[in-house]
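Inspection log for the structure reproduced underneath, given as C-alpha cells.
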Amino acid sequence: MRFVKLGIISVIVIFIILTAMSSLLPSQILVSRAVDIKGSVDQVRQHLFLLQNWESWMTDAQGQKAVQTFSKAENSLVIGNTTISIVSTTDSTLSTNWTSPSNMRGLFRIINHHSPDSLITVQWQMEQDVKWYPWEKFASITKDEIWGGSMEKSLENLKLLVEAQ
C-alpha cells in the first residue's frame, strides 16, 4: 500500500512541476515567414486573395502539393482535415481562419515597396492560442519547425508562379 501511495503522490508532484514549468511558455504561438517577389501587386492578389487559386501554390506539411477542395458556396478551402475560410480582406491584407483539431488564424500581408524593379514582399503569419495543459504547451515548441517549412515552400511556389507570368 505504501508503494501505491508513493506512486500516486509522485505522479501528482511530477504533474504539478511540469505544469509550473509549462506556465513559463507563452500561450500564443506566432510563426511568420516572408518572401520577396518581383511582379505586380495585382498578380499576387490574384493568387493570394482567391482561395480557389491556392491549389497552384499551397503545399501541405510535407512540402507536397496539397489535396484541396474548394467550396464556392461557403467560400472555404479544405486541405486534409483543415478548413480555411476568409475572415476579412483589405487592399494589402487577407485574414483567414484555419479550423482543424485546433483553431488557428492566418494573416497574409502584401507590402509594396514601390521600387523600380517592382519588388513586393508577401508575409504569412500564423497564430494559435494554446491551452494551459503541459502537453500542449511543450508541443507548441515544435510549431515553428512544423509550420515554417510548409509556409516557406508555399511562399516559394507563389513567388515562382507570379514571377513566371
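Suppose the chain between Ser115 and Asp42 were pulled fully straight at 0.36 nm per residue; how much longer would it get relative to their current alpha carbon spacing?
So the extension gain works out to 24.7 nm.
Which is the longest run of the chain containing none of the trypsin sites (Lys or Arg not before Pro) found in DSSP loop states (not H, G, I, E, B) with at most 14 other C-beta atoms within 10 Å?
1-71
So for the stretch 1-157, averaging the separation of alpha carbon pairs under 8 Å that are six or more residues apart and normalising by length, what relative contact order in percent results?
After rounding, I find 31 percent.
Once R0 is set to 41 Å, what does the formula 1/(1 + (r/R0)^6) return for the Cβ-Cβ distance between Thr99 and Ile9, expressed as a FRET efficiency to the nearest 0.05?
0.50
Pick from Ile86, Ile120, Ile141: which residue has the top mean-square fluctuation in a GNM of the chain where Cα pairs under 10 Å get a spring?
Ile141
Between the alpha-carbon centers of the stretch 2-33 and the stretch 134-165, tell me the distance in whole angstrom.
Between the Cα centre of the stretch 2-33 and that of the stretch 134-165, the gap is 28 Å.
For Val130, enumerate residues with amide H under 5 Å from its amide H, sequence gap 5+ or separate chain, H modeled in the peptide plane.
Gln28, Ile29
Mean Kyte-Doolittle of at least 0.5 plus a Cα span of 15 Å or more along the axis: flag which DSSP H helices in the chain meet both, please.
Going by DSSP H runs, the hits are 2-22.
Would you list which aspartates and glutamates come within 20 Å of Lys38, measuring only between C-alpha atoms, while excluding same-chain residues fewer than 8 positions from it?
Answer for Lys38, where 20 Å is the Cα cut-off: Asp91, Asp117, Glu152, Glu156, Glu163, listed by chain and number.
With label points built 7 Å along Cα→Cβ from the Cα atoms of Met21 and Glu156, find their separation and express it in nm.
3.5 nm
Once you have the alpha carbon radius of gyration of the chain, what is it after dividing by 2.2 N^0.38 Å, with N set to its residue count?
1.33
Values quoted throughout were computed directly from the atomic coordinates according to the rules given, and no laboratory measurement underlies them. In this text, all values refer to a predicted model and were calculated from it rather than measured experimentally. Cβ atoms come from the backbone with ideal geometry, glycine included; neighbour counts cover every protein chain shown.
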